[in-house]
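The values are calculated or read from the model by the stated rules, or taken from the named source; none is laboratory data. It should be emphasised that the depicted structure is a prediction, and the values quoted were computed from it without experimental measurement. We place every Cβ from the backbone using ideal geometry, glycine too, and count neighbours over all the protein chains shown.
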Amino acid sequence: MAVTHFDVTNRRPLADGREFGDVGQYEEVRGILHFAVDPDHEANTRITDIDLAPRNSDGLVEFAADLHVMRPADPAKGRRRIVYDVLNRGNKVMLGQFNSAVNAAPVAGVDAPTEVGNGFLMRHGYTAVWCGWSPDAPRLAGRMKLYAPEAIDRGMPLTGRIFSQFQPMTRVRHLRLADRFHTPHPAADTLEMNALLTIRDQPDLEPRLIPRDRWKFALEDHGEPVEDAGFIYMADGFEPGKMYQLTYTTIGAPIVGLGYLSMRDAVSFLKYGSADDGNPSAGEIDHAIAFGVSQSARYLRHYVYMDLNRDEQGRDVFEGVLPHVGGGMRGEFNQRFGQPSKDLPSVIAQMFPFTAAPSTDPVSEESGGVLDRMSERGAGTKVFFTNTGAEYWRGDASLIHTDPTGQNDVEDHPSTRSYHFSATMHGPGIWPPTDTQAIDGMRGQNLLNSVDYTPFMRALLVRLDEWISDGTAPPPSKHPRVDDGSAVPAASLARAFEGIPVKFPAHIPVPRRLDFGVDPTRDRTLNLPPSSGEAYGSLVSDVDDDGNEIGGITHPDVSVPLATSTPWNLRHPDVGAPDQIIGLTGGPRGSTLPFARTAAERESTGDRRPSIAERYSSRDHYLQLVKEKAVALVADRYMLEEDVERVVEQAGVRWDWFTNGRGE
């Protein structure tokens with residue numbers, strides 16, 4: 001077995017011994033998991049540069065990762081299922097998505113109590129697991145990471161070209177050579193004259209070169225630049241909202257693809273390892289589901305694309321995979337000098353294929369599907385792809401169910417479903433409505449989207465579990481389609497928003513084919529910066545008369561609306577680039593555009609949308625309609641019965657806010 005030992009650092013009752021329904025108490029176990037894998041084994045050879053990793057005396061590659069397990073204290077009451085949460089930049093995400101937990105990764109430190117929210121995963125008996133996978137994850141409180149070796153060639157670290165992007169929210173004179181707080185890839189030579197810095201206003205517009213003598217590899221210290229291989233400095237300052245792209249030579253290549261083996265082998269250990277091996281879940285697990293959000297979803301798309309799901313013993317590890325809001329992208333998760341945090345189609349080489357079933361790009365003449373390798377060996381792993389409108393407006397989500405031209409639908413692979421959450425943004429809606437996201441200070445011109453889609457996440461997890469456990473087919477895919485006209489070009493919707501008090505985006509970026517000069521496996525990029533080619537046929541959902549999306553699963557907050565909820569929002573002038581859609585980096589945020597309360601108020605603002613008073617005779621009338629829509633979603637199996645009353649209760653809170661003070 002690839003796991004050599006598990007150093008337990010903390011073992012205690014979860015949430016101070018809280019009881020979770022009939023399942024009872026949970027235990028949480030934390031520690032460091034140690035691995036030693038055979039670099040020549042067929043299960044591992046797809047990991048880029050594993051052949052250049054240092055080997056121990058047995059010829060094995062060693063690495064380690066943080067591990068956190070939450071398991072039923074009485075295994076007999078558990079569900080015998082792992083839900084594995086792919087960490088997002090070192091952070092836990094599934095407790096927010098399934099348990100509606102507000103702070104799943106406490107900043108107070110790894111020993112602080114974990115917030116478990118409504119306890120959904122625990123009440124249903126799931127074993128929750130996290131394992132570090134990214135070597136560049138920041139070492140901040142509560143975050144988990146992978147401890148990976150670097151590739152070594154003839155006794156020396158690797159050097160090579162790298163391509164990075166930065167987008168500040170305020171005017172600054174230096175930027176870290178990494179996304180957010182990740183570990184930077186340092187410049188090999190701070191005086192490199194062939195390094196290129198460009199600036200662009202939109203990700204799909206032509207860049208402008210910034211002369212080399214206007215910037216340097218340095219950081220600002222007391223108003224003066226100090227040479228530093230981990231920063232870039234410009235005396236004129238970097239403009240907020242502008243997109244800067246840097247091509248330079250770096251030194252040192254951590255083997256990022258080992259993160260896939262840490263995930264796979266950690267879960268294999270928990271499923272198949274014995275108590276004598278130190279397995280805290282020995283004999284307790286039958287099946288495992290992998291879940292990831294945004295970056296983590298793209299990570300899972302890449303995992304199934306490479307078919308790394310078999311361990312060294314030839315056993316499939318995950319029976320189910322649920323990539324959420326990953327759109328159509330993958331990423332630099334198994335690339336030399338890989339930067340796993342990259343999150344835009346304009347900077348990532350790993351794009352085509354988008355669809356799970358095979359399709360063909362008529363421009364590049366490439367053919368293939370994301371699940372080709374798994375299908376070839378007859379793997380039965382089931383996959384749900386879930387997205388919000390935000391990934392469609394980013395330009396890549398529609399490509400998971402159309403051909404690259406956007407002119408034809410591509411039907412599901414037999415092992416997959418695709419679901420679109422209508423009129424929602426990248427994360428569950430923010431309540432109460434605000435124009436500023438507290439986590440990073442990003443501010444929109446409109447209130448941020450407030451639709452909480454987490455009831456769909458809970459239901460779809462159960463549906464995926466049923467599919468892999470007893471073969472119960474899940475509800476049909478639901479998303480915008482070409483054949484029924486519900487999938488349309490984003491720019492075509494400008495007319496639909498006329499008469500609604502909102503500024504429609506003047507420019508909507510679309511992903512383009514990029515020539516990175518990649519090798520056939522896309523594990524190395526050879527042409528940096530990449531050359532831009534033809535645009536893909538990106539589509540979004542059409543909208544109704546209120547401007548709310550019609551394609552996909554529709555939450556009662558959208559089908560019985562008090563506002564127009566869009567997946568897009570424009571940046572506020574205070575954070576720069578006010579003509580740019582928020583979240584082209586860092587997670588798209590949508591808009592909440594409240595209806596007028598009365599006809600008189602509507603007429604005074606020139607709003608063509610009927611007012612709340614014109615739509616609903618009373619609060620009770622509104623809540624009855626909400627309940628009817630929620631019950632219908634339960635019947636269609638897109639929502640669980642246990643969420644109906646919660647949705648109605650939240651609708652009451654929304655009614656009070658939209659009809660009364662609105663935070664004024």
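Worth a mention:
- Failed item, numbered, when Arg608 is tested on (1) surrounded by fewer than 22 Cβ atoms within 10 Å (Cβ to Cβ); (2) closer than 27 Å to Tyr419 by Cβ; (3) basic (Lys, Arg): (2)
- Candidates in the range 183-197 are the residues that are under 30 Å from Pro54 (Cα atoms) and not small (Gly, Ala, Ser); of these, the one that is surrounded by the most Cβ atoms within 10 Å (Cβ to Cβ) is His185.
- Single residue of the range 287-342 satisfying the filter (in contact with a Ser or Thr (Cβ under 8 Å, 6 or more places away or on another chain) and acidic (Asp, Glu)) that is nearest to Thr381 (Cα to Cα): Glu319
- In the range 174-189, the residues that are among the hydrophobic types (A, V, I, L, M, F, W, C) and assigned to a strand (DSSP E or B): Leu175, Ala187
- Cβ-Cβ contacts under 8 Å between residues 6 or more apart (or on different chains), taken from a first residue in the range 371-391 that is in a loop (DSSP other than H, G, I, E, B) and modelled with pLDDT of 95 or more to a second residue that is of a type in the set (Gly, Ala, Ser) and surrounded by 18 or more Cβ atoms within 10 Å (Cβ to Cβ), are listed as Leu371/Ala356; Leu371/Ala357; Leu371/Ser415; Thr381/Gly320; Thr381/Ser415.
- Taken across the range 515-536, residues that are assigned to a loop (DSSP other than H, G, I, E, B), under 27 Å from Asp412 (Cα atoms) and either in the same structural domain as Pro203 (by TED's automatic domain parsing) or in contact with a helix residue (DSSP H, G or I) (Cβ under 8 Å, 6 or more places away or on another chain) (or both) do occur, with at least one present.
- Checked against (1) surrounded by 13 or more Cβ atoms within 10 Å (Cβ to Cβ); (2) modelled with pLDDT of 95 or more; (3) hydrophobic (A, V, I, L, M, F, W, C); (4) in a loop (DSSP other than H, G, I, E, B), Ala491 meets all criteria but (4).
- Checking the stated criteria, Arg330 turns out not to satisfy the condition of being among the basic types (Lys, Arg) and surrounded by fewer than 22 Cβ atoms within 10 Å (Cβ to Cβ).
- Selected residue (only one of Arg180, Arg176 is farther than 30 Å from Arg79 by Cβ, surrounded by fewer than 21 Cβ atoms within 10 Å (Cβ to Cβ) and in contact with a Gly (Cβ under 7 Å, 6 or more places away or on another chain)): Arg176
- Residue within the range 544-552 that is over 30 Å from Ile255 (Cβ atoms), assigned to a helix (DSSP H, G or I) and touching a residue at least 40 places away in the same chain (Cβ under 8 Å) present: no
- Which listed residue, of Ser359, Ser375, Ser364, Ser346, is in the same structural domain as Asn408 (by TED's automatic domain parsing) and either among the aromatic types (Phe, Trp, Tyr) or under 22 Å from Ala390 (Cα atoms) (or both): Ser346
- Enumeration of residues in the range 444-471 that are without any contact (Cβ under 8 Å) to a residue 24 or more places away in the chain and either within 17 Å of the chain's Cα centre (by Cα) or crowded, with 21+ Cβ neighbours inside 10 Å (or both): none
Quick grid of which residues meet (1) of a type in the set (Asp, Glu); (2) surrounded by fewer than 22 Cβ atoms within 10 Å (Cβ to Cβ):
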residue	(1), (2)
Pro362	no, yes
Glu365	yes, yes
Arg394	no, no
Ser398	no, no
Ser415	no, yes
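- With respect to the conditions (1) within 23 Å of Arg373 (Cα to Cα); (2) part of a strand (DSSP E or B), Asp7 falls short on a single one, namely (1).
- Just one of the numbered conditions (1) touching a strand residue (DSSP E or B) at 6+ places or on another chain (Cβ under 7 Å); (2) among the aliphatic types (A, V, I, L, M); (3) assigned to a loop (DSSP other than H, G, I, E, B) is not true of Ala282: (1).
- Residue count for the range 354-370, restricted to those that are in contact (Cβ under 8 Å) with a residue 40 or more places away in the chain and in a loop (DSSP other than H, G, I, E, B): 10.
- Residue in the range 21-30 that is of a type in the set (A, V, I, L, M, F, W, C), assigned to a strand (DSSP E or B), surrounded by 16 or more Cβ atoms within 10 Å (Cβ to Cβ) and in contact (Cβ under 8 Å) with a residue 60 or more places away in the chain present: yes
- Hits in the range 300-314 (condition: out of contact with any Phe, Trp or Tyr (no Cβ under 7 Å at 6 or more places or on another chain) and assigned to a loop (DSSP other than H, G, I, E, B)): Asp307, Asp311, Glu312, Gln313, Gly314
- Positions within the range 209-219 being farther than 17 Å from Leu528 by Cβ and surrounded by fewer than 17 Cβ atoms within 10 Å (Cβ to Cβ), in sequence order: Pro211, Asp213, Arg214
- Any hit, the range 415-422, residues being more than 19 Å from the chain's Cα centre (by Cα) and of a type in the set (Lys, Arg): no
- Test: residue in the range 587-603 that is out of contact with any strand residue (DSSP E or B) (no Cβ under 9 Å at 6 or more places or on another chain), closer than 30 Å to Arg180 by Cβ, small (Gly, Ala, Ser) and buried (at least 21 other Cβ atoms within 10 Å of the Cβ): yes
- The lone criterion from (1) surrounded by fewer than 19 Cβ atoms within 10 Å (Cβ to Cβ); (2) among the small types (Gly, Ala, Ser); (3) modelled with pLDDT of 95 or more; (4) in contact with a helix residue (DSSP H, G or I) (Cβ under 8 Å, 6 or more places away or on another chain) left unmet by Gly441 is number (3).
- Within the range 630-643, the presence of a residue that is closer than 25 Å to Ile508 by Cβ, at pLDDT 95 or above and not small (Gly, Ala, Ser) is excluded.
- Qualifying residue in the range 287-297 (condition: assigned to a loop (DSSP other than H, G, I, E, B) and within 24 Å of Arg417 (Cβ to Cβ)): yes
- Some residue of the range 252-265 being buried (at least 19 other Cβ atoms within 10 Å of the Cβ), among the β-branched types (Val, Ile, Thr) and not in a loop (DSSP other than H, G, I, E, B): no
- Condition broken by Glu192, with the remaining ones in (1) closer than 20 Å to Met169 by Cα; (2) in a loop (DSSP other than H, G, I, E, B) satisfied: (1)
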